[in-house]
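Following: one structure in structure tokens, then a few remarks.
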Amino acid sequence: MLIRSKTLRSVRLVRLLNPPPVTSVDVRAFWDYMCARHNVGVIRKSDSASMKVVAELLDRMGVLARESFLLAHTTVVPIRPVRGIYAPFEPGVPDERWSLWSQIEVCTHEMNHMVQAERAGRWDFSWDYITSSAARAHYEAGAYRCNLELALRYRGRVLNCGTLAYKLVNYGCSNLDCETTEKQLLMTLPAIRKGAMIEPATREAVDWLDERFGLG
Amino acid sequence: MRFLLLLLPLSLGCPMPDDCTPLDTRCLGGNAQICGSDQRWRTFVKCPTLGENWVCCWSEGIEEVPSGHSCFMPDQCEVPDADP
């Protein structure tokens, strides 16, 4: 028993010191795997006419600058005929904003939204997300928890829950929505620190990553 | 009247609030819930899905973690059975 727990500790230490060395091939394979699981495609945001319209609208409404929406945010749409993940990068091709590892994280984050949409119903999810800032904050909290879980598991880093939560100001959420998000992220930290994986997309990602990198 | 008819589908689409106090937490059926800014309870973690040792309960805050209900190991619980 003692030997086993020492082994587990050393595996965790190795993970902490050596996050998975992901390559472009790994990232493309990861996106292919996650997209196949959720029956969804990836569309380059800059190639999408509908996303350009949304960017223009958000910009004119003063919610989010056009460039920021198109270059710094990935967007998920769970409803046909525009169902898809609209990414501001090509999976597997890193750039100054999107490292290979951040592409793994954002894929998991967006796939968690797909799971939320399947569970709540695609139309109900979309309606709630658009019309209620409290619901939007709640859905984003679940997706940010994926970022927390992956960062702690593979990089040994605890992301700042307040920093994550207050990003929601850019999503039309109030300070109270952000505070609620921060609190529910913090409340799950003890479980995540003990290795629990709360979010379904994290479990899918970890299954794939651990097998790919022999960390199981 | 037409205006009210237009509002009808909107009102049907908006669930009634639970009248909880935003930021409050509770356990319900093994789930940890938080009260949102719209005064509605929402589940943020289903403790039984984490494994058989996890329970939903109240715990005093430790370091950056505030006091409240969430999934903990039984020895971390201040009140073992916190379901209202």
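Residues of segment A:21-54 that are surrounded by fewer than 13 Cβ atoms within 10 Å (Cβ to Cβ) and not β-branched (Val, Ile, Thr): A:Pro21, A:Ala36, A:Asn39, A:Gly41, A:Asp47, A:Ala49.
Considering B:Cys71, B:Cys35, B:Cys27, B:Cys47, the condition of being in contact with a Cys (Cβ under 6 Å, 6 or more places away or on another chain), more than 11 Å from every other protein chain (Cβ to nearest Cβ) and at pLDDT 80 or above is satisfied by B:Cys27 alone. With respect to the conditions (1) at pLDDT below 95; (2) of a type outside the set (A, V, I, L, M, F, W, C); (3) surrounded by 22 or more Cβ atoms within 10 Å (Cβ to Cβ), A:Lys183 falls short on a single one, namely (1). Residues in segment A:126-177 that are within 19 Å of A:Glu199 (Cα to Cα) and charged (D, E, K, R): A:Arg136, A:Glu140, A:Arg145, A:Glu149, A:Arg153, A:Arg155, A:Arg157.
Taking the conditions (1) surrounded by 16 or more Cβ atoms within 10 Å (Cβ to Cβ); (2) basic (Lys, Arg); (3) without any contact (Cβ under 8 Å) to a residue 12 or more places away in the chain in turn, A:Arg83 satisfies each one other than (3). Within segment A:189-209, no residue satisfies the criterion of being assigned to a helix (DSSP H, G or I), within 25 Å of B:Asp38 (Cα to Cα) and touching a helix residue (DSSP H, G or I) at 6+ places or on another chain (Cβ under 6 Å). Of the residues making up segment A:187-203, those that are more than 8 Å from chain B (Cβ to nearest Cβ), surrounded by fewer than 23 Cβ atoms within 10 Å (Cβ to Cβ) and among the charged types (D, E, K, R) are A:Arg193, A:Arg203. Does B:Leu10 qualify as being modelled with pLDDT under 95, within 10 Å of chain A (Cβ to nearest Cβ) and assigned to a helix (DSSP H, G or I)? So B:Leu10 passes the test. Residues that are surrounded by fewer than 19 Cβ atoms within 10 Å (Cβ to Cβ), aromatic (Phe, Trp, Tyr) and within 18 Å of B:Pro17 (Cα to Cα) within segment A:118-137 comprise just one, A:Trp127.
Taken as a whole, the condition of being more than 16 Å from the chain's Cα centre (by Cα), more than 7 Å from chain B (Cβ to nearest Cβ) and part of a helix (DSSP H, G or I) does not apply to A:Asn147. Could you go through segment A:101-124 and let me know if any residue there is part of a loop (DSSP other than H, G, I, E, B), basic (Lys, Arg) and more than 12 Å from every other protein chain (Cβ to nearest Cβ). No, the conditions are met nowhere in segment A:101-124. Has segment A:173-194 got any residue that is closer than 30 Å to A:Ala36 by Cα and of a type in the set (Gly, Ala, Ser)? Yes, some residue in segment A:173-194 is closer than 30 Å to A:Ala36 by Cα and of a type in the set (Gly, Ala, Ser). Picking from residues in segment A:49-73 that are modelled with pLDDT under 90 and not in a helix (DSSP H, G or I), the one that is farthest from A:Asn170 (Cα to Cα) is A:Met61.
The values are calculated or read from the model by the stated rules, or taken from the named source; none is laboratory data. Since the structure is predicted, the reported quantities are computational estimates derived from the model, not experimental observations. For neighbour counting, all protein chains shown are included, and Cβ atoms are generated from backbone atoms with ideal geometry for every residue, glycine included.
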